[in-house]
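A short worksheet on the structure shown next.
The values are calculated or read from the model by the stated rules, or taken from the named source; none is laboratory data. Computed from a predicted structure; not experimentally measured. Cβ sites come from the backbone with ideal geometry, for glycine too, and all protein chains shown count toward neighbours. Only protein heavy atoms, including side chains, enter the accessible area calculation; ligands, DNA and RNA are left aside. Shrake-Rupley method; radii C 1.70, N 1.55, O 1.52, S 1.80 Å.
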Amino acid sequence: MSDRDQERRTPTARALWGGHFGEDAAPLMERINASIDVDRRLWREDIAGSRAHARMLAACGIITPADRDAILAGLDQIAYEIEQGRFAFSPALEDIHLNIEARLTELVGEPGRRLHTARSRNDQVATDFRLWVKGACARADQGLRTLQQVLVVRAREHVATPMPGFTHLQAAQPVSFAHHLLAYVEMFGRDRGRFADARRRMDECPLGAAALAGTSYPIDRFMTAAELGFARPCANSIDAVSDRDFALEYLAACAITAVHLSRLAEELVVWSTPQFGFVRMAEAFTSGSSIMPQKRNPDAAELVRAKAGRICGDLERLLVVLKGLPLAYSKDMQEDKEGVFDAADTLELSLAVTAEMIRTMTVNPERMRAAATVGHTLATDLADWLVRTKGIPFREAHGIAARVVRRAEERGVELHELTAEDLRAVDPRLDAAALAVLTVEQALASRRSYGGTAPERVRAALAEAVRRFGLEQDEAAGEEER
Ligand code: ARG
């Protein structure tokens with residue numbers, strides 16, 4: 001430790017707030033109390049909050065312009081030191097707020113001690129954290145948008161590529177691969193909506209709520225709110241320092257997004273097995289086995305699948321921390337940040353990895369097409385044909401088609417491999433024309449209902465998704481990259 005660091009370590013939190021304390025903190029107390037290793041990530045927000053607060057205090061005549069300028073200069077210096085990695089963060093100073101304030105006073109003297117007028121760490125931390133989470137919402141939106149863009153680019157290549165659609169993971173009906181990918185574009189679109197909603201609701205500034213009751217100084221909360229980019233100040237000072245629902249909403253949006261990513265990851269795992277062979281993951285996102293030379297394990301997809309557990313856990317832990325806390329601030333709330341930071345890092349990584357996996361995977365349309373009819377996936381088409389051309393009620397038509405399936409099973413063939421005689425033997429109304437509907441192309445093309453899988457619909461849906469989700473811009477970029 002250098003002399004300078006030694007010196008920096010001397011001040012303790014108690015020197016700042018412990019006027020009536022005779023004893024030092026127990027070392028164990030310092031360990032459980034210090035949050036600096038976690039909340040140092042809020043340093044930018046903390047400095048921004050202090051800048052806004054100092055300007056407001058001067059504008060309202062609470063500190064002099066000279067004090068303000070000294071504070072602003074000191075904060076600039078601190079930002080520089082932290083950026084350069086030269087700031088000595090001290091656990092004895094508990095958290096980011098006291099670390100910065102102590103250094104400020106060390107740098108500029110008395111004006112530094114005036115900065116805490118008309119504020120408390122309670123409104124300070126609530127403000128810093130909201131600012132940080134607002135930024136995280138914007139990053140999540142960007143990550144989701146990029147992923148949607150990649151999905152759209154891949155979907156465009158596979159509008160007419162048939163694959164088996166599944167229910168219960170049993171072959172159900174053929175769908176277009178693009179249609180399947182676009183399902184995720186919708187899901188991620190709603191995820192973006194959740195982050196946007198949360199961001200809109202958290203757009204209120206707690207600063208000036210002070211400890212909990214507001215302050216006797218003639219402050220201007222609208223000024224600090226505006227300078228920090230909030231739409232308005234929080235309306236109630238107690239609420240401002242008490243609630244962390246903004247973090248919960250962010251975490252909930254992260255958890256839902258992570259669950260969506262996990263489902264997609266699971267599909268990549270299944271699709272890339274040799275048994276399915278629908279896709280081949282890029283080598284860069286897989287690993288081999290030290291014992292089985294043939295292996296190509298989809299590790300990245302498996303990890304995205306698993307990270308959802310972690311992110312859901314981050315939501316859970318904050319819900320449990322907040323449950324039962326009386327208003328207003330309690331120190332329990334210091335535990336609010338680690339899970340949020342973890343969820344943000346994990347989600348942003350998962351989004352980036354997923355986008356890259358999708359962008360770089362090789363699709364095998366032949367395997368998908370071949371699998372599309374395995375498991376008698378055209379049985380519904382046969383029933384629909386009976387309804388459409390013979391006027392048979394659907395329930396009855398369903399029974400006839402089921403008997404055709406049984407016949408195919410007895411003969412050990414797929415539905416479309418049956419002969420005209422096979423069909424007629426089941427029901428005389430199944431004439432030769434019925435065979436014509438038993439193709440994958442027909443199955444896809446016939447499902448023209450709004451939101452259905454017919455290629456013409458999927459093409460329109462692609463254009464619509466690009467417009468609705470504002471994907472136009474990087475669309476051109478995506479195209480150029482390829
Ligand atoms: N480090 C604290 C936190 O994150 C800051 C607020 C402390 N307030 C207090 N009254 N001790 O919650």
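In the stretch 101-118, of all residues being open to solvent by less than 40 Å² (accessible area, probe 1.4 Å) and within 12 Å of Leu16 (Cα to Cα), the one that is nearest to the ligand (Cβ to nearest atom) corresponds to Glu101.
Does the stretch 195-208 contain at least one residue that is within 16 Å of the ligand (Cβ to nearest atom) and within 28 Å of Cys254 (Cβ to Cβ)? Yes: the stretch 195-208 contains one or more residues that are within 16 Å of the ligand (Cβ to nearest atom) and within 28 Å of Cys254 (Cβ to Cβ). On the basis of being open to solvent by 10 Å² or more (accessible area, probe 1.4 Å), under 24 Å from Ala171 (Cα atoms) and touching a residue at least 12 places away in the same chain (Cβ under 8 Å), does Val405 make the cut? So Val405 fits the description; yes. If the condition is being among the β-branched types (Val, Ile, Thr) and under 14 Å from the mean Cα position of the chain (by Cα), then the stretch 299-341 contributes Val304, Ile311, Val340. Pairing residues of the stretch 244-255 that are over 20 Å from Lys331 (Cα atoms) with residues that are in a loop (DSSP other than H, G, I, E, B), at Cβ distances under 9 Å and at least 6 apart in sequence or on separate chains, gives Glu249/Met202; Tyr250/Met202. Residue count for the stretch 326-345 under the criterion of being within 12 Å of the ligand (Cβ to nearest atom), assigned to a helix (DSSP H, G or I) and not polar (S, T, N, Q): the result is 8. Under 9 Å by Cβ, and 6 or more places apart or on different chains, what pairs join a residue from the stretch 312-339 that is over 20 Å from Ser120 (Cβ atoms) with one that is away from the ligand (no atom under 16 Å from the Cβ) and acidic (Asp, Glu)? Once the first residue is over 20 Å from Ser120 (Cβ atoms) and sits in the stretch 312-339, its partners that are away from the ligand (no atom under 16 Å from the Cβ) and acidic (Asp, Glu) give Glu338/Asp314; Gly339/Asp314; Gly339/Glu316. Taking the stretch 256-283 as the range and being crowded, with 23+ Cβ neighbours inside 10 Å and touching a Cys at 6+ places or on another chain (Cβ under 9 Å) as the test, only Ala258 passes.
Within the stretch 271-294, being on the phi < 0 side of the Ramachandran plot and touching a residue at least 12 places away in the same chain (Cβ under 8 Å) holds for Ser272, Phe276, Phe278, Val279, Arg280, Met281, Ala282, Glu283, Ala284, Phe285, Thr286, Ser287. If you go through the stretch 308-325 and pick out every residue that is open to solvent by less than 40 Å² (accessible area, probe 1.4 Å), within 25 Å of Arg31 (Cα to Cα) and away from the ligand (no atom under 16 Å from the Cβ), you end up with 3.
To keep it simple, each residue is scored yes or no on (1) open to solvent by 30 Å² or more (accessible area, probe 1.4 Å); (2) of a type in the set (D, E, K, R).
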residue	(1), (2)
Met368	no, no
Val374	yes, no
Ala379	no, no
Leu386	no, no
Ala401	no, no
Glu410	yes, yes
Ala420	no, no
Ala433	yes, no
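Residue count for the stretch 69-128, restricted to those that are in contact (Cβ under 8 Å) with a residue 60 or more places away in the chain and among the hydroxyl-bearing types (Ser, Thr, Tyr): 4.
For the stretch 371-398, residues that are farther than 20 Å from Thr167 by Cβ, assigned to a helix (DSSP H, G or I) and not aromatic (Phe, Trp, Tyr) total 6. From the list Phe285, Phe276, which one is under 30 Å from His416 (Cβ atoms) and not acidic (Asp, Glu)? Answer to the selection: Phe276. Of the numbered criteria (1) open to solvent by 60 Å² or more (accessible area, probe 1.4 Å); (2) among the aliphatic types (A, V, I, L, M); (3) part of a loop (DSSP other than H, G, I, E, B), the one Ala425 fails is (3). Residue count for the stretch 44-68, restricted to those that are of a type outside the set (Val, Ile, Thr) and loosely packed, with under 15 Cβ neighbours inside 10 Å: 4.
When the residues of the stretch 74-93 are filtered to those that are open to solvent by less than 10 Å² (accessible area, probe 1.4 Å) and within 16 Å of the ligand (Cβ to nearest atom), the one that is nearest to Glu23 (Cα to Cα) is Leu93. Filtering the stretch 213-247 down to residues that are part of a helix (DSSP H, G or I) and open to solvent by 40 Å² or more (accessible area, probe 1.4 Å), which residue is nearest to Ala48 (Cα to Cα)? Taking the candidates together, the pick is Glu227. Scanning the stretch 119-135 turns up one or more residues that are part of a loop (DSSP other than H, G, I, E, B) and in contact with a Gly (Cβ under 9 Å, 6 or more places away or on another chain).
Among the criteria (1) modelled with pLDDT of 85 or more; (2) over 19 Å from Asp336 (Cβ atoms); (3) crowded, with 17+ Cβ neighbours inside 10 Å, the one Phe21 does not fulfil is (3). Looking only at the stretch 135-146, decide whether some residue is closer than 30 Å to His376 by Cα and either crowded, with 18+ Cβ neighbours inside 10 Å or within 31 Å of the chain's Cα centre (by Cα) (or both). No, the conditions are met nowhere in the stretch 135-146.
Considered as a group, the residues in the stretch 186-212 that are outside any helix (DSSP H, G or I) and among the aliphatic types (A, V, I, L, M) include one that is farthest from Asn122 (Cα to Cα), and that residue is Met202.
Residues checked against (1) away from the ligand (no atom under 16 Å from the Cβ); (2) more than 32 Å from the chain's Cα centre (by Cα); (3) aliphatic (A, V, I, L, M):
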position: Ala13; (1), (2), (3): no, yes, yes
position: Ala25; (1), (2), (3): no, yes, yes
position: Leu28; (1), (2), (3): yes, yes, yes
position: Asn33; (1), (2), (3): no, no, no
position: Gly49; (1), (2), (3): no, no, no
position: Met56; (1), (2), (3): yes, yes, yes
position: Ala59; (1), (2), (3): yes, yes, yes
position: Pro65; (1), (2), (3): yes, yes, no
